[in-house]
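K.L.:
Structure provided below as structure tokens; questions to follow.
The values are calculated or read from the model by the stated rules, or taken from the named source; none is laboratory data. This is a predicted model, so every value here is computed, not measured. Quick reminder, even Gly has a Cβ in these numbers, built from the backbone with ideal geometry, and neighbours come from all protein chains shown. SASA here: full protein model, heavy atoms, side chains in, ligands and nucleic acids out. Shrake-Rupley method; radii C 1.70, N 1.55, O 1.52, S 1.80 Å.
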Amino acid sequence: MADREIYDLCVIGAGPGGYVACVRAAQLGFKVVCIEKEPRLGGVCLNTGCIPSKALLDSSEYYRMTAGRLGEHGILVDKVELDLRAMMARKDQVVSDLCDNVRKLLEGNKIKVVQGHARILNRNSVEVSPGGDGKSGTAPSLIEAKSILLATGSEPVSLPGIPFDGSAIVSSTEALGFASVPEHLAIVGGGYIGLELGSVWNRLGSKVTVIEMLPTIASNLDGQIRRAFERSLARQGFTFRLQTRVLKARAEADEIQLVVEADGREEVIACDRLLVAVGRRPLTRGLGLEEAGVRMDPENGRVWVDEDYRTSVPSIYAIGDLIAGPMLAHKASAEGVAAVECMAGLSGEVNYDAIPAVVYTFPEVASVGLTEEEVHARGIEHNVGTYPFAGAGRARCMGETEGLVKIITHARTDRILGVHILGPRASDLIGEGVLAIECNMTSSAFARAVHGHPTLSEALHEAALAVKKCSIYAS
Ligand SMILES: Cc1cc2nc3c(=O)[nH]c(=O)nc-3n(C[C@H](O)[C@H](O)[C@H](O)COP(=O)(O)OP(=O)(O)OC[C@H]3O[C@@H](n4cnc5c(N)ncnc54)[C@H](O)[C@@H]3O)c2cc1C
């Protein structure tokens, strides 16, 4: 049955791309409807991604600290016990509170939310099957809108011949909710999702083995930072099997036999849980894209869009994990805002050179802009300034002195091209780097800005000074 209203915008998917786009559209006076197949709003980010993983990373870090590092602060704890159910319940509560907030946000902006599976019928109509999976038996409804925004996100990819079974061989979704601590968790894929979830379970007592086909983990990071990061994780107990290919897996009773190949030799790794974190693919299944004439990008298999986030069908737009670029929540949200502004005739845009990436391990890793390898590859003459957290008074007070800040600048203009941080609160500190790159700042301008003392941000200040060899505290 047709919903008689004609909306200005129909957004499909209520993840960080979709719900943020809805709010921006409402601010601009659009009449908006948002269709979400899941009962809870917030998408992968809130339900099975950023938020539950960070809740567990924070809890497991407190556990690790209490069990180990508190002693050096003079705090003696008799007995440290893990209540995994309580930790999981807290994580679920954090998720559910934030999902409720998204619903309130949409309601407060007078956005109509419809639960069901959306399928595009034509350039201005969407069919919604209630029940989320399109199989509920209830008649579908029809929604008409002047523009449609696709924000359906992505889903985990399994390895050929090693399907997810939901309990022993799992994706990140199930690894966020194990009912017991695995004895030996093998993780295929050394990207940020595998390393973050590996950190959670490593801190809670699992032996963790990361199997990666490439010669390094976290291959997008600046090489100097990455090498220090890898050493740090190895010290914490991670085992890395690099340049190693997984051939097959056999799940038998309580054990998984993982057959891998390295240096031309086959070998079996036995574990009790296997997390496959080898990447995600855009969620386009059942959306009716092909029938509607929405073109896919042959280079990366994602939905093709132009600079205004318009697909090959002019009234249909796409953002977030569905389209090219890093699969990150803040990138999806920025695109949601920009796409809606483009629809409204404003000049919405996203600066892809200034999108931060963070790995929430211990220490954290955060970066924005070009790595030293990328600068070399582009033949850009450059300068580098580094400063260790061991030299920052605040890091010493916290007892978290591992890591460094690295700033890369253009040799001629002194413009900051990249900021890379391994260390405490790198996730928050990188905001300074983002602003510096967004505002075309030079290292001299950055270094003129007075930073509070004693703060971790002083390490950034010193790294900026170090670009011109003027660091006050470097020995
Ligand atoms: C374990 C993990 C940790 C992560 N941690 C971080 C992090 O720390 N920082 C970060 O920036 N990113 C992180 N990410 C990535 C981040 O979650 C995604 O990049 C982000 O959620 C993408 O947003 P989106 O709006 O494009 O799509 P999604 O969040 O995937 O939302 C898409 C929504 O569309 C709905 N949908 C799909 N198809 C239909 C349909 N046909 N009809 C109706 N609704 C539909 C889905 O149910 C979903 O709710 C993490 C991901 C994972 C898996």
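K.L.:
If you line up the long axis of helix 329-343 against the longest principal axis of the chain, both from Cα atoms, how many degrees apart are they, to the nearest 10?
P.N.:
40 degrees
K.L.:
What whole-number volume per residue, in cubic angstrom, does the convex hull of the C-alpha atoms of the chain give? Don't jump to the answer; show the numbers that get you there.
P.N.:
Working: hull volume 83.2 nm³, N = 475.
Spread over its residues, the Cα hull of the chain gives 175 Å³ apiece.
K.L.:
Taking the stretch 314-446 as the region of interest, what is the percent of Cα-Cα pairs per 5 angstrom bin, listed from the shortest bin to the one with the maximum distance?
P.N.:
So the P(r) values, bin by bin, are 2, 10, 17, 18, 17, 14, 11, 6, 3, 1, 0, 0.
K.L.:
What is the angle, in °, between the Cα long axis of helix 457-467 and the longest principal axis of the Cα atoms in the chain? Nearest 10 is fine, range 0 to 90.
P.N.:
The angle comes out near 70 degrees.
K.L.:
Whole Å is fine, so just give me how far the alpha carbon centre of the stretch 278-325 lies from that of the stretch 23-92.
P.N.:
The stretch 278-325 and the stretch 23-92 have Cα centres separated by 30 Å.
K.L.:
Along the Cα→Cβ direction, 7 angstrom out, place labels at Q27 and R415. What is the inter-label distance in nm?
P.N.:
2.7 nm
K.L.:
Per DSSP H run of at least 4 residues, take -39500 (n - 2.57); add these up for the chain, divide by its residues and hand me the 222 nm value, nearest 500 deg cm²/dmol.
P.N.:
Working: 14 runs with 151 residues, N = 475.
Calculated mean residue ellipticity at 222 nm is -9500 deg cm²/dmol.
K.L.:
Relative contact order of the chain, please, whole-number percent, based on alpha carbon pairs below 8 angstrom and at least 6 residues apart.
P.N.:
Working: 1034 pairs, mean separation 64.8, N = 475.
Computed over the chain, the figure is 14 percent.
K.L.:
Provide the percentage of antiparallel DSSP beta bridges, counting only those with both residues in the chain; round to the nearest 5.
P.N.:
Numbers: 52 of 85 bridges.
Rounded to the nearest five, the antiparallel share is 60 percent.
K.L.:
If you don't mind, there's one more thing I want to ask. What angle, in degrees between 0 and 90 and rounded to the nearest 10, separates the Cα long axis of helix 223-235 from the longest principal axis of the Cα atoms of the chain?
P.N.:
Around 80 degrees separate the two axes.
K.L.:
Within the accessible area of the stretch 159-248, what % is carbon and sulfur when the probe is 1.4 Å and the other protein chains stay in place?
P.N.:
Here carbon and sulfur together make up 52 percent of the probe-accessible area.
K.L.:
Work out how much length Q243 to A377 would gain on full extension: take 0.36 nm times their residue separation and subtract the Cα-Cα distance, in nm to one decimal.
P.N.:
Numbers: separation 134, 0.36 × 134 = 48.24 nm, distance 2.31 nm.
Roughly 45.9 nm would be gained on extension.
K.L.:
Further question: Jot down the radius of gyration and Dmax of the stretch 147-274, Cα atoms only, both in angstrom.
P.N.:
15.4, 55
K.L.:
Counting heavy atoms of the protein chains only and a 1.4 Å probe, report the per residue accessible area for the stretch 292-437 as a whole number of Å². If you can, show how the numbers build up before the last one.
P.N.:
Details: 5940 Å² over 146 residues.
Result: 41 Å² of accessible area for each residue.
K.L.:
To the nearest 10 Å², what's R425's accessible area with a 1.4 Å probe?
P.N.:
Surface open to solvent at R425 totals about 130 Å².
K.L.:
Taking the Cα centre of each part, how many Å lie between the stretch 206-266 and the stretch 434-452?
P.N.:
First find each Cα centre; the distance between them is then 38 Å.
K.L.:
I would also like to ask the following. Taking the stretch 13-79, which trypsin sites (Lys or Arg not before Pro) meet the DSSP loop condition and have no more than 14 other C-beta atoms within 10 Å? If you can, show how the numbers build up before the last one.
P.N.:
Values: sites: R24, K31, K37, R40, K54, R64, R69, K79; in loops: K31, K37, R40, K79.
The qualifying sites are K79.
K.L.:
What dipole magnitude, in Debye to the nearest 20, does the stretch 245-353 give about its Cα centre under +1 on Lys/Arg Cβ and -1 on Asp/Glu Cβ? Walk me through the numbers before you get to the answer.
P.N.:
Working: 12 positive and 20 negative charges, 46 e Å.
With Lys and Arg at +1 and Asp and Glu at -1, about 220 debye.
K.L.:
Could you name the lysines whose alpha carbon sits less than 26 Å from that of K91, not counting residues in the same chain fewer than 8 places away?
P.N.:
Cα-Cα hits under 26 Å: K37, K54, K79, K104, K207, K331.
K.L.:
A follow-up question, please. Please report, in debye to the nearest 20, how large the charge dipole of the stretch 52-113 is about its Cα centre when each Lys and Arg carries +1 at its beta carbon and each Asp and Glu carries -1 there.
P.N.:
Values: 11 positive and 10 negative charges, 78 e Å.
Dipole magnitude for the stretch 52-113 comes out near 380 debye.
K.L.:
Using +1 on the beta carbon of Lys and Arg, -1 on that of Asp and Glu, and nothing else charged, what's the dipole of the stretch 145-209 about the Cα centre, debye to 20?
P.N.:
Values: 3 positive and 5 negative charges, 38 e Å.
Dipole size: approximately 180 debye.
K.L.:
Just name one of G68, G177, A151: the one whose Cα is farthest towards the positive end of the charge dipole of the chain (beta-carbon charges, Lys/Arg +1, Asp/Glu -1).
P.N.:
The listed residue farthest towards the positive side: G68.
K.L.:
Longest segment of the chain with no GluC sites (Glu not before Pro) in a DSSP loop having at most 15 other Cβ atoms within 10 Å? Write down the numbers at each step before the final one.
P.N.:
Values: sites that count: E81, E183, E299, E307, E349, E381.
No qualifying site falls inside 184-298, the longest such stretch.
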